[in-house]
Structures are given as structure tokens and as C-alpha cells.
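Asker: Here it is, the structure in full.
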Amino acid sequence: MSEIKPSDTTDTVDSGEEKDWAAAKAFFDNLKTNKPRPPKPRNAVTIAVSSRTLFNMVVERKIYEEEGMEKYVAYQVEHENEPLKPGVAFPFVKALMNVNTRLRELYTENEELFDIVLMTNNHAQVGVRLINSINHYDLTIERFCMTGGKSPTGYLKAYMTNLYLSKDSDKVTKAIEEGIAAATMFMPEKQIELSETQLRVAFDGDAVLFSDESEIIVKKHGLDTFFEHEKEFENKPLAQGPLKCFLEALGKLQRKFYAKNQRLECPIRTFLVTARSAASSGARVLKTLRSWGLEIDEALFLAGAPKGPLLEKIKPHIFFDDQMFHIEGAKELGTIAAHVPYGIGQKYQKGKLIEQPAKKE
């Protein structure tokens, strides 16, 4: 999987890029504005969100599917002065902005910030309504990628994306195949009040933060073999999974608060919520995180118990899991859940192998 930022450019390109950014910064510094400028992509933690995750576009989507593209665009233009309603990713984005505000208070010239990019296959004609909606809610989103009906995933690496959130599972799968942390978001079935001062992010372990190597053993050989395997390899770190790089990015920003003696007031809190048993298979997980130089604020080992009730207490702005039955249980109780389509778990539903259609000769 990809690291926090790609580093395969040459020194010459880097030098040219720095000069370009220095010139752009000098230009904007001479303009009077109270609006903060976006950070350099190389310094930022870039979160790409689709328009359908940021805003509720159920009505608009129905028009597109039933009446076609031209009617859809015409409707958006006609209603461009009506703000779209908040979508499933909206609370998460607001929480990211709060972290940025706190970071700028501590580090006035800091560019290690969240940079939110609107990544959408909408046509440019729809852009006015999206811009008006963003301004209506006072969201700091300056970078747009509007691809006019084509998938935007090909641009994710160019935007140096750390995390891509969409409602389209095919696009998310493609992004993960390209080595980019990504997840499909699901609207919870009820609304719960979320923190306005602290970004709270919950991760499953296997096939999310870690690879699915241990999960393969569970699925193929059962729990007893899995427990024996984890005990035998307790001191061997697990391979990284698709969202390890995002946890790494969060940890990087957390340490900026710790450096100012604000660990207890840090506006980012991370949770590991795993079906693993602590005594039987938990040590390898904690030792893996330690070997990566990463911290998790709270580690919760459930030994197979449902995750939904615990998540209802945690109230994360987003919860990542590779198993759809955990996603369904979470959103039933009000948790904003995001499915990570990665690993052997995609071949199973509630522990049972999904029968694959026979291949034609």
C-alpha cells in the first residue's frame, strides 16, 4: 500500500515545484484576505470526498437515473441557489476543519493540515450549485476535481490523496487497487449527536489497518488454528492494510499537539475496534502498532461480540470496517460507517463463503 505521500519525483522537479509554490504564496500574501490558503499538497493530509458523500443528493441521483444526464444537469442549474442538504461525510469534514483551526492557532505558518478536495464525476455546469452549497455551510474546500461523467479515481494520485470517500463501491475498489486508502460511506439509520470539538475515528484491525493474512487463517482453518498462529508469530509485525497510511497521517498531526503539551486537549482521537480476543490474539496487534511507531488512543477487543453497541458509545465521525455485517450493525445504531472492500472477507457474508458463479467454458 502507498505511504503517506509519494516520493518518486526527482530533486529537479521538487526544486521547480518549490519555486512555483513560493511564487504563488508571495502573490496571495500580497492580497488582503482573511480566508486561509490551502496548504501545499505535499505537506497536507489530503481527503478526497465525492459530492454524494459530502451532500445529500438522493433526489438529484434519482433524476439522473430515471430521466438522464440532460435533465439532471438542467435541474441542478435551476436549483443552483438552493443549498444541498448535508450528506454522510459532512460531520467528518466539519471535524477536519475544526482540527485545522486548532492547528493554525498553535502554528501560524503551519501547512501540515487537512486539505479537503471535492472529487466528483459531475459536469462543470453543476459546479455552481456545489460551490454555493460549500459557501452556504462555510466549508473550506478550495480544490475541486470535476470530470464530466468520467470516473475521477485516475486523478487521486495526482492530488496526493491520503483518503478517498465515496458512495460508489466500484470507484473505492479501484482506488484501493491503486494503493490509495479508500472506503464506501453509508448513511446511519438514525442521527446521534457527534462531538464538535474532537475528530473521532474508529478502525477495525484485520483487512483495514493490517493485511488480511490472519483473517485468511480464520476463514480457512478456524479460530483454534488462528489463535495458535497469532501466538507463534506474536513478535512478527503484521503487514500493513489499506488504511494504515491514514492512521499514520492522523498520528503525525496528533504529535503536533503533543509537542505543545496538549495531549489531553488533542482534537483527534483514534480507536481500534476489533473482533479479536485480547488474551488470545491481541498482543500481536499492539506490538505491530508499536513496531510502526504508531499510537492508538483506545484499543477495544470484543472477542466476537457485536460492534454496534460499543460504537454507539464512542460516537465516531467515521468507522472503517471490511465486513459488511459490521457496517450494517453499526449504522443501525447511528454510527457513520465506511466499508473498506479489501481482503478475503469480501468473499464471505456472516462467516459463510459466498458462492461464486461458475465460469463459462
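The values are calculated or read from the model by the stated rules, or taken from the named source; none is laboratory data. None of these values were measured; they are calculated from a predicted model. Every residue, glycine among them, receives a Cβ derived from its backbone with ideal geometry; neighbour counts consider all protein chains shown.
Asker: V208: closer than 19 Å to L272 by Cβ, modelled with pLDDT of 95 or more and in a loop (DSSP other than H, G, I, E, B), yes or no? Give the steps one after another, and end with the answer.
Answerer: Numbers: closer than 19 Å to L272 by Cβ: yes; modelled with pLDDT of 95 or more: yes; in a loop (DSSP other than H, G, I, E, B): yes.
Judged against the criteria, V208 is a match.
Asker: Further question on the same structure: How many residues are over 20 Å from the mean Cα position of the chain (by Cα), more than 21 Å from K171 (Cα to Cα) and not small (G, A, S) when one looks only at the stretch 122-157? Write out each step before concluding.
Answerer: Initially, the stretch 122-157 is screened for residues over 20 Å from the mean Cα position of the chain (by Cα), giving 122-133, 135-138, 147-150.
Next cut, more than 21 Å from K171 (Cα to Cα) only: 125, 128-129, 131-133, 135-138.
In the following step, the residues that additionally are not small (G, A, S) were identified as 125, 128-129, 131-132, 135-138.
Residues that pass the stated criteria total 9.
Asker: Here's another thing I want to ask about it. Mind checking which residues of the stretch 273-291 are in contact with a helix residue (DSSP H, G or I) (Cβ under 7 Å, 6 or more places away or on another chain) and either of a type outside the set (V, I, T) or farther than 23 Å from M324 by Cα (or both)?
Answerer: Selection gives R276, S280, S281, R284.
Asker: Separate question: Evaluate the following for P39: is it modelled with pLDDT of 70 or more, assigned to a loop (DSSP other than H, G, I, E, B), assigned by TED's automatic domain parsing to the domain that holds T173 and under 30 Å from L250 (Cα atoms)? Please lay out each step first, then the result.
Answerer: Numbers: modelled with pLDDT of 70 or more: yes; assigned to a loop (DSSP other than H, G, I, E, B): yes; assigned by TED's automatic domain parsing to the domain that holds T173: yes; under 30 Å from L250 (Cα atoms): yes.
So P39 fits the description; yes.
Asker: Name the pairs: first residue in the stretch 292-305 and assigned by TED's automatic domain parsing to the domain that holds Q240 and among the small types (G, A, S), second residue at pLDDT below 95 and buried (at least 18 other Cβ atoms within 10 Å of the Cβ), Cβ to Cβ under 7 Å, at least 6 apart or on different chains?
Answerer: G304/A275
Asker: Out of the residues in the stretch 73-90 meeting the condition of being surrounded by fewer than 20 Cβ atoms within 10 Å (Cβ to Cβ) and touching a residue at least 40 places away in the same chain (Cβ under 8 Å), tell me which one is farthest from H136 (Cα to Cα). Steps first, please.
Answerer: Residues of the stretch 73-90 that are surrounded by fewer than 20 Cβ atoms within 10 Å (Cβ to Cβ), as a first pass: 73-75, 77-83, 85-86.
From what's left, touching a residue at least 40 places away in the same chain (Cβ under 8 Å): 73, 77, 79-83, 86.
On the way: V73: 20, V77: 17, H79: 14, E80: 12, N81: 10, E82: 9, P83: 7, P86: 11 Å.
Only one residue tops the list, namely V73.
Asker: With respect to the numbered conditions (1) surrounded by fewer than 21 Cβ atoms within 10 Å (Cβ to Cβ); (2) assigned by TED's automatic domain parsing to the domain that holds F301; (3) without any contact (Cβ under 8 Å) to a residue 24 or more places away in the chain, which one is the sole condition not fulfilled by F227?
Answerer: Just one mismatch for F227, condition (3).
Asker: Could you tell me which of the residues A158, A175, A183, A124 is touching a strand residue (DSSP E or B) at 6+ places or on another chain (Cβ under 8 Å), among the small types (G, A, S), loosely packed, with under 15 Cβ neighbours inside 10 Å and on the phi < 0 side of the Ramachandran plot?
Answerer: Values: A158 fails: touching a strand residue (DSSP E or B) at 6+ places or on another chain (Cβ under 8 Å); A175 fails: loosely packed, with under 15 Cβ neighbours inside 10 Å; A183 fails: loosely packed, with under 15 Cβ neighbours inside 10 Å.
On inspection, the qualifying residue turns out to be A124.
Asker: Please specify each residue of the stretch 270-329 satisfying the condition of being more than 16 Å from A207 (Cα to Cα) and assigned to a strand (DSSP E or B).
Answerer: Residues satisfying the conditions are T270, E298, A299, L300, I318.
Asker: Cβ contacts < 7 Å: first residue at pLDDT 95 or above, restricted to the stretch 159-184; second residue in a helix (DSSP H, G or I) and surrounded by fewer than 19 Cβ atoms within 10 Å (Cβ to Cβ), any location; separation 6+ or different chain. Result?
Answerer: Going by the 7 Å Cβ cut-off, the qualifying pairs are T184/S169.
Asker: Ok, one more. Scan the stretch 283-308 for residues that are touching a His at 6+ places or on another chain (Cβ under 9 Å) and surrounded by fewer than 17 Cβ atoms within 10 Å (Cβ to Cβ) and jot them down.
Answerer: The answer is P306, and nothing else.
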